[in-house]
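Data first, discussion second: the structure below is written as structure tokens.
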Amino acid sequence: MVLKAVSILTFTKFFLALVLFFIAASCFSQEKIFYHYGREEGLSQQSVTAITKDSKGYLWLGTQDGLNRFDGNSFVVYKNEIGNDKSISGNFINALLDNDNLIWIGTSNNGICYYNKKFNNFKSIGKASSNCTALAKDKKGNVYAAYLNNGLSVFSIREGSLHEDKIEFF
């Protein structure tokens, strides 16, 4: 009788271990899905140089040939339009930053601009012919722009308008 109880207990433990093994194995064998997006899917250029995500969930991708907004299904491409001062300042994007209703864009040799989501347009600011290599923001909402061989600028909103303070290192 005792031997039969031990056998049942051993079988139950073995069966439970086997069930748990198969459950664990099925959890780890889930297939990972990866989608590749390129020019055929609407991306302006293959080399993505900067990425940010805004408060509405859009993914903004900077490339060597324009700014791309991705909504999870399709791309909207923004490129410089010669003679249109409300278009993006340059097509080679080095840096992106989301700050409130603005997407800040640092370009190679065309300075900085920002995209105003509310008005659906761009405005160029700062050192127009400079190579902006990085953008950052602080807790107060100030935006810092680093330029290649041309110092640093701090952009802040004071008295309802945007102001630039330049910091020179050389």
**Message:** Here is a check on your reading of the model: is Ala128 in contact (Cβ under 8 Å) with a residue 12 or more places away in the chain, under 20 Å from Ser156 (Cα atoms), surrounded by fewer than 21 Cβ atoms within 10 Å (Cβ to Cβ) and small (Gly, Ala, Ser)?
**Reply:** yes
**Asked** List the pairs whose first member sits in region 37-59 and is closer than 10 Å to Arg69 by Cα and free of Cβ contacts under 8 Å to residues at least 24 places away in the same chain, whose second member is charged (D, E, K, R) and surrounded by 16 or more Cβ atoms within 10 Å (Cβ to Cβ), and whose Cβ atoms are under 6 Å apart, counting only residues at least 6 apart or on separate chains?
**Response** Tyr58/Arg69
**Prompt:** Conditions: (1) open to solvent by 80 Å² or more (accessible area, probe 1.4 Å); (2) part of a strand (DSSP E or B). Ser55 meets all but one. Number of the miss?
**Reply:** (2)
**Request:** Name every residue in region 149-170 that is open to solvent by less than 100 Å² (accessible area, probe 1.4 Å), within 18 Å of Trp104 (Cα to Cα) and of a type in the set (A, V, I, L, M), in order of residue number.
**Result:** Leu152, Val154, Leu162
**Prompt:** Which one is surrounded by the fewest Cβ atoms within 10 Å (Cβ to Cβ) among residues in region 136-145 that are in contact (Cβ under 8 Å) with a residue 24 or more places away in the chain and in contact with a Ser or Thr (Cβ under 9 Å, 6 or more places away or on another chain)?
**Reply:** Gly141
**Request:** Quick one: count up the residues across region 117-134 that are of a type in the set (Gly, Ala, Ser) and modelled with pLDDT under 90.
**Result:** 4
**Prompt:** If we keep just the residues of region 128-170 that are charged (D, E, K, R) and not in a strand (DSSP E or B), which is nearest to the chain's Cα centre (by Cα)?
**Reply:** Asp138
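The values are calculated or read from the model by the stated rules, or taken from the named source; none is laboratory data. Since we're looking at a predicted model, the values are computed, not measured. FYI the Cβ positions are ideal-geometry reconstructions off the backbone, even for glycines, and counts take in every protein chain you see. Only protein heavy atoms, including side chains, enter the accessible area calculation; ligands, DNA and RNA are left aside. Shrake-Rupley method; radii C 1.70, N 1.55, O 1.52, S 1.80 Å.
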